[in-house]
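Participant: Here it is, the structure, as structure tokens.
The values are calculated or read from the model by the stated rules, or taken from the named source; none is laboratory data. Only a predicted model underlies this, so the values are computations on that prediction, with no experimental measurement involved. Methodologically, a virtual Cβ is constructed for each residue, glycine included, from the backbone with ideal geometry; neighbour enumeration extends over all protein chains shown.
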């Protein structure tokens, strides 16, 4: 695992590093797993009903605006009603964070003590089971945007959340980014709906976003 000069890289090969540098916030810690030739971290649900599982990266805090890239693969029995992937940033607690998720629609939540606000956008596609996808998210003080696309296919355009007001709950239209991205931990997880539901995460990379303009 590399964290030099503001960069983070985890090839997801080591269960020791997983135990040492991540913390399970809700649900069990995933396990190190080899999917064919791809090393990954894997959650498998042992419970029926709706259950969330996510971890925080405790060994690395971004110093400011950043971009995160990873690969994910899922098999969720009830879909598209359940998120295939959840990403948190400026994560302070289960009720104080920004959260992105994907199901039949993409959504962006701002969770805060005592409540939350969200916006959603319907995707014209779903995420097939047992298929590797790329995820990329860019989080800055002014804007948050994400995308995911199938491994081996062309990268798609950004889905920009914080400039949208479609489907926003509460009084924020659009959602306000109230603190800088480098103000908290990064979390990764998913929601299961049945025994045997799983998600695999591989090739985690976090890089700073270069500043532009100015003197």
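Participant: Could you please find all residues in the stretch 184-207 being closer than 11 Å to residue 53 by Cβ and in a loop (DSSP other than H, G, I, E, B)?
Facilitator: 197
Participant: Could you give me the residue pairs with C-beta distances under 9 Å whose first residue belongs to the stretch 36-64 and is free of Cβ contacts under 8 Å to residues at least 24 places away in the same chain, whose second residue is in a loop (DSSP other than H, G, I, E, B) wherever it lies, and which are 6+ apart or on separate chains?
Facilitator: Going by the 9 Å Cβ cut-off, there are no qualifying pairs.
Participant: Related question: Only one of 54, 41 is modelled with pLDDT under 95, at negative phi, under 14 Å from the mean Cα position of the chain (by Cα) and part of a strand (DSSP E or B); which?
Facilitator: Criteria check complete, one pass: 54.
Participant: Look through the stretch 40-50, keep the residues that are crowded, with 17+ Cβ neighbours inside 10 Å and out of contact with any helix residue (DSSP H, G or I) (no Cβ under 7 Å at 6 or more places or on another chain), and return whichever of them is farthest from residue 76 (Cα to Cα).
Facilitator: Step by step, filter the stretch 40-50, then rank; the result is 40.
Participant: For the stretch 135-171, enumerate the residues that are buried (at least 19 other Cβ atoms within 10 Å of the Cβ), out of contact with any helix residue (DSSP H, G or I) (no Cβ under 8 Å at 6 or more places or on another chain) and modelled with pLDDT of 90 or more.
Facilitator: 135, 137, 138
Participant: Can you tell me how many residues in the stretch 51-73 are over 22 Å from residue 93 (Cβ atoms) and surrounded by 17 or more Cβ atoms within 10 Å (Cβ to Cβ)?
Facilitator: The number of residues fulfilling the criteria is 6.
Participant: Quickly run through the stretch 29-38 and pick out the residues that are surrounded by fewer than 22 Cβ atoms within 10 Å (Cβ to Cβ) and on the phi < 0 side of the Ramachandran plot.
Facilitator: Listed by number, the residues that qualify are 29, 31, 32, 33, 34, 35, 37, 38.
Participant: So residue 49 passes all but one of these: (1) modelled with pLDDT under 90; (2) in contact with a strand residue (DSSP E or B) (Cβ under 6 Å, 6 or more places away or on another chain); (3) on the phi > 0 side of the Ramachandran plot. Which condition number does it fail?
Facilitator: Against the list (1) modelled with pLDDT under 90; (2) in contact with a strand residue (DSSP E or B) (Cβ under 6 Å, 6 or more places away or on another chain); (3) on the phi > 0 side of the Ramachandran plot, residue 49 comes up short only on (2).
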